[in-house]
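Here's the structure, in structure tokens; my notes come after.
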There are 2 protein chains.
Amino acid sequence: MSLSDRAALTERIDVDLGPRSYPIEVRGGHAAKETDFEDFVRERLEATWAGRGCRKALVVCDAQIQDIWGDRYARHTTNLGLKTRIAEVPTGEKSKSPEALISLYDRLIDLEADRHTLVVAVGGGVIGDLAGFAAASFNRGLPLIMVPTTLLAQVDSSVGGKTGINHPRGKNLIGAFHQPIGVWIDLESLDTLPPREFRSGLAEVLKYGVIQDAVFFDFLENNAEKALARDETVLLHLVSRSCRLKADVVEKDELEHTGLRAILNYGHTVAHAIENVAGYGAYLHGEAVGAGMVAEARLAARLGWIEAALADRIERLVRRLELPATIEGCDMERLIGAMKHDKKNKLGRIRFVLPRKLGSVELTDAPTEDDVREVLRGMMR
Amino acid sequence: MSLSDRAALTERIDVDLGPRSYPIEVRGGHAAKETDFEDFVRERLEATWAGRGCRKALVVCDAQIQDIWGDRYARHTTNLGLKTRIAEVPTGEKSKSPEALISLYDRLIDLEADRHTLVVAVGGGVIGDLAGFAAASFNRGLPLIMVPTTLLAQVDSSVGGKTGINHPRGKNLIGAFHQPIGVWIDLESLDTLPPREFRSGLAEVLKYGVIQDAVFFDFLENNAEKALARDETVLLHLVSRSCRLKADVVEKDELEHTGLRAILNYGHTVAHAIENVAGYGAYLHGEAVGAGMVAEARLAARLGWIEAALADRIERLVRRLELPATIEGCDMERLIGAMKHDKKNKLGRIRFVLPRKLGSVELTDAPTEDDVREVLRGMMR
């Protein structure tokens with residue numbers, strides 16, 4: 001392939017967080033890259049404090065993709081002269097546990113890790129959260145490179161520095177903010193992603209259009225089928241633009257102190273309730289967000305914030321992306337109850353992030369319980 | 001007492017870390033203060049993101065001082081309208097454990113802590129490290145106010161944001177940097193500190209003079225007896241100047257990335273070896289630092305970096321502060337072996353922070369093993 005083709009399949013997003021700034025490199029799967037990752041890591045180590053003494057690496061990888069991806073990245077860090085060990089982590093949310101964390105600490109200790117030992121997290125959101133928190137809390141902070149391999153992790157959890165594990169009494173209860181020194185996104189890793197998981201990631205992509213960027217929403221409308229077919233050029237734009245949009249929010253509210261980061265929760269008040277009530281696994285996160293975005297667009301229309309036509313338009317795109325636009329297997333009272341426990345709430349009122357127009361949202365507690373019931377009733381199956 | 005007396009017994013040190021800046025307030029024990037702490041906390045909450053939703057507080061306190069200090073600070077946070085719980089932590093290094101950490105998480109969960117719940121750490125270094133790490137890692141970071149009650153914690157661990165717990169295979173292996181929103185130092189808490197612990201803190205005070213401030217070293221020489229007698233005016237200067245000097249270093253190297261923070265390790269290569277070899281409890285940390293500073297001053301003289309007269313002067317002050325200037329109960333080969341495992345080392349050479357002149361030090365691996373043996377031999381009893 002020609003150099004210009006290759007350049008066309010590469011995007012770089014700079015996340016500007018002062019001394020904790022880092023780039024996200026997005027590569028089309030057909031760009032030559034066997035040594036590119038090594039160049040990227042070398043550059044990141046040289047550009048940061050981490051490089052001066054980095055001699056070792058721990059590659060933390062989802063067991064399901066260990067053979068394809070874990071071994072490949074371990075080979076790359078070995079090629080860079082780093083003494084490398086692989087930690088294989090069982091697939092699934094249950095790995096965000098104190099036990100899995102302690103097992104990563106043990107691997108680091110076996111490796112005689114010091115403060116400059118590099119952690120490379122290869123996998124989806126679970127791996128990023130777990131390996132990220134191990135990196136955040138071992139020796140007061142190790143350099144971290146994220147290699148998200150699911151669409152959801154690429155467009156969401158790989159930007160923002162959130163890391164953490166679950167506690168029996170709360171999700172993500174133990175955690176820290178820890179920015180990576182770089183994020184490497186290889187679109188080829190999406191080739192083998194199961195369709196439901198792929199579509200689940202598209203829900204968050206659609207979300208960025210609604211909350212921040214009407215032009216991006218148009219683009220997704222015009223390319224929905226290509227997106228579903230995993231067209232590489234379309235994916236490159238979807239992923240890199242999503243990262244840029246999330247970075248814009250994170251840059252203004254790195255530690256979630258000002259409340260601005262809350263806008264990322266459009267669709268999520270209802271989604272979290274669905275996930276809670278429908279039970280683990282019935283809805284993937286992105287599927288619940290799909291239905292949640294439809295519900296919250298309807299709620300905005302009910303308040304008169306947007307035209308019903310825009311809510312229809314959002315619902316249509318949710319459906320075209322083959323995401324659920326209805327709520328199944330959930331009891332109304334339990335949904336309302338779950339929403340009342342959402343951590344965004346204040347003074348007992350349920351809070352939502354609702355669209356004011358395409359590309360702009362606001363945090364509000366304006367909807368009454370009756371409004372919510374009315375909207376949900378129309379979506380229940 | 002008059003207002004001017006009261007002002008004279010107060011110092012405020014501003015630690016400038018950009019958005020993570022915070023003040024250290026040092027109060028003489030006779031300054032009226034029953035409500036001052038409440039004013040301080042109110043001001044700190046208002047000045048930071050933490051204030052917007054702070055409704056609860058967990059006061060973490062060393063069991064030994066629970067009756068005097070823990071209850072008092074819990075009363076203060078209660079007076080501020082915060083729903084307050086106390087977590088009593090057994091005295092001693094063994095409380096820097098995963099079990100103690102989990103027990104603090106449980107207390108926070110029982111309190112239904114959210115991201116704005118205030119953690120107040122009342123005690124020495126162990127409490128600061130443990131409660132600080134709980135604050136760092138619960139819900140991705142809770143606001144923290146440190147109330148160090150030992151001299152060592154006041155002049156050392158309360159500045160710099162280091163938090164952490166021990167792992168069976170390494171001290172402070174699990175930890176993070178987490179800056180407090182404020183540090184409150186009440187010199188009255190030193191009244192009941194056992195003499196050995198008090199002198200142990202003076203070792204770190206002396207250290208700041210050697211590494212950064214010759215005038216401060218002079219002051220300590222001129223006021224050694226008053227310092228030992230815990231004269232409040234002298235203590236106020238010793239504590240506040242030590243905090244300022246440590247803050248100067250931390251401001252330039254917050255996350256220990258540039259290596260500048262290494263200068264704080266003067267006396268510590270030998271001290272850590274003594275602590276390791278003599279066995280837990282034989283030397284308090286500051287006592288080992290006393291002997292370590294003498295050894296490393298001698299080493300600098302041996303290299304021709306300083307005059308022998310300056311090494312004598314440092315040793316004299318160590319002795320006047322009733323700190324050990326000799327090494328007892330240690331085997332030479334084991335000391336050398338321990339030094340070879342110091343984490344400051346590179347390429348197998350033992351590294352030291354040695355004085356170039358009074359008030360200035362440098363990290364070096366210039367001393368040979370023979371130099372070290374020769375110096376230690378002269379100090380062994």
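The values are calculated or read from the model by the stated rules, or taken from the named source; none is laboratory data. Small disclaimer: the values here were computed from a predicted structure and weren't measured. Quick reminder, even Gly has a Cβ in these numbers, built from the backbone with ideal geometry, and neighbours come from all protein chains shown. These area figures cover heavy atoms from the full protein model, side chains too; ligands, DNA and RNA do not enter into them. Shrake-Rupley method; radii C 1.70, N 1.55, O 1.52, S 1.80 Å.
At a glance:
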read-out	value
Principal-axis tilt of helix A:232-252 within chain A, Cα atoms, nearest 10 degrees	80 degrees
Folded to 0 to 90 degrees: helix B:285-302 orientation relative to chain B principal axis, Cα	40 degrees
Pseudo-label separations to other copies for B:ALA309 - Cα-to-Cβ vector, 7 Å, nm	9.3
Per-copy distances of the A:ASN172 label point, shortest first, in nm (7 angstrom along Cα→Cβ)	3.0
For region B:1-150, diffusion coefficient by Stokes-Einstein and Kirkwood Rh (Cα), 4 °C, 1.567 mPa s, µm²/s	82 µm²/s
Residue pairs, from the table A:LYS96/B:LYS252; B:LYS94/B:LYS340; A:LYS171/A:LYS226; B:LYS56/B:LYS96; B:LYS226/B:LYS340, whose Cα atoms sit over 31 Å apart	A:LYS96/B:LYS252; A:LYS171/A:LYS226; B:LYS226/B:LYS340
Antiparallel DSSP beta bridges within chain B, as percent of all bridges there, nearest 5	40 percent
Principal semi-axes in Å for the protein assembly as shown [√(5λ), Cα gyration tensor, largest first]	51, 32, 20
Descending Cα extents along the principal axes, region B:93-145, whole Å	28, 21, 16
Protein heavy-atom accessible area occluded, B/A pair - total, 1.4 Å probe, Å²	2900 Å²
GNM result for chain A, Cα springs below 10 Å: residue of A:LYS171, A:LYS207, A:LYS162 fluctuating most strongly	A:LYS171
For region A:159-166, 3J(HN,Hα) per residue [Karplus equation, 6.51 cos²θ - 1.76 cosθ + 1.60, θ = phi - 60°, Hz, x = Gly/Pro]	10, x, x, 6, 9, x, 10, 8
Reciprocal of mean inverse Cα separation for region B:195-377 (Kirkwood radius, Å)	16.4 Å
For region B:3-192, accessible area per residue (1.4 Å probe, heavy atoms of protein chains only), Å²	36 Å²
C-alpha long axis of helix A:268-278 to longest principal axis of chain A, angle in °	90 degrees
Threshold 20 Å² - residues in region B:134-150 whose accessible area is reduced by that much or more when the chain is no longer isolated, probe 1.4 Å	B:SER137, B:PHE138, B:ASN139, B:ARG140
Relative contact order computed over chain B (Cα-Cα under 8 Å; 6+ residues apart), in percent	14 percent
Rounded to the nearest 10 Å², the accessible area of A:ARG316 at probe 1.4 Å	140 Å²
Cα-based Rg / Dmax (Å) for chain A	20.6, 63
Solution diffusion estimate, µm²/s, Stokes-Einstein, region A:64-122, Kirkwood Rh from C-alpha pairs, 37 °C, viscosity 0.692 mPa s	264 µm²/s
Delta accessible area of at least 20 Å² on complex formation, residues of region B:166-203, 1.4 Å probe, chain isolated as reference	B:HIS167, B:ARG169, B:ASN172, B:LEU173, B:ILE174, B:GLY175, B:ALA176, B:PHE177
Region A:209-316 - Debye-derived log10 I(q)/I(0), Cα point model, q = 0.10, 0.18 Å⁻¹	-0.34, -1.11
Convex hull of Cα atoms in region A:162-261, direction-averaged projection (nm²)	7.9 nm²
GluC sites (Glu not before Pro) lying in DSSP loop within region B:297-352, provided at most 13 other Cβ fall within 10 Å	B:GLU307, B:GLU328
Other copies of B:LYS357: label-to-label distances in nm, shortest first, labels 7 Å along the beta-carbon direction	6.8
Length-normalised contact order of region A:3-192 in % [C-alpha pairs under 8 Å, at least 6 apart]	23 percent
Length-normalised contact order for region A:195-377 - Cα pairs under 8 Å, 6+ apart - percent	29 percent
Helical mean residue ellipticity (222 nm; -39500 (n - 2.57) per DSSP H run of 4+; nearest 500) of chain A	-13500 deg cm²/dmol
Within the accessible area of region B:195-377 (1.4 Å probe), percent carbon and sulfur	49 percent
Per residue accessible area of region A:195-377, 1.4 Å probe, in Å²	40 Å²
Calculated from backbone phi, Karplus (6.51, -1.76, 1.60) coupling profile of region B:354-361 in Hz, x at Gly/Pro	10, x, 8, 6, 5, x, 8, 9
Region B:19-69: radius of gyration over Cα atoms, expressed as a fraction of 2.2 N^0.38 Å	1.35
Complex-versus-alone comparison for region B:242-257, residues with a loss of 50 Å² or more in accessible area, probe 1.4 Å	B:HIS257
Heavy atoms of B:GLU11 accessible to a 1.4 Å probe, total area in Å² rounded to 10	80 Å²
Fraction of beta bridges assigned by DSSP in region B:119-244 that are antiparallel (%, nearest 5)	40 percent
Spherically averaged projected area in nm², based on the convex hull that wraps the Cα atoms of region B:263-357	6.0 nm²
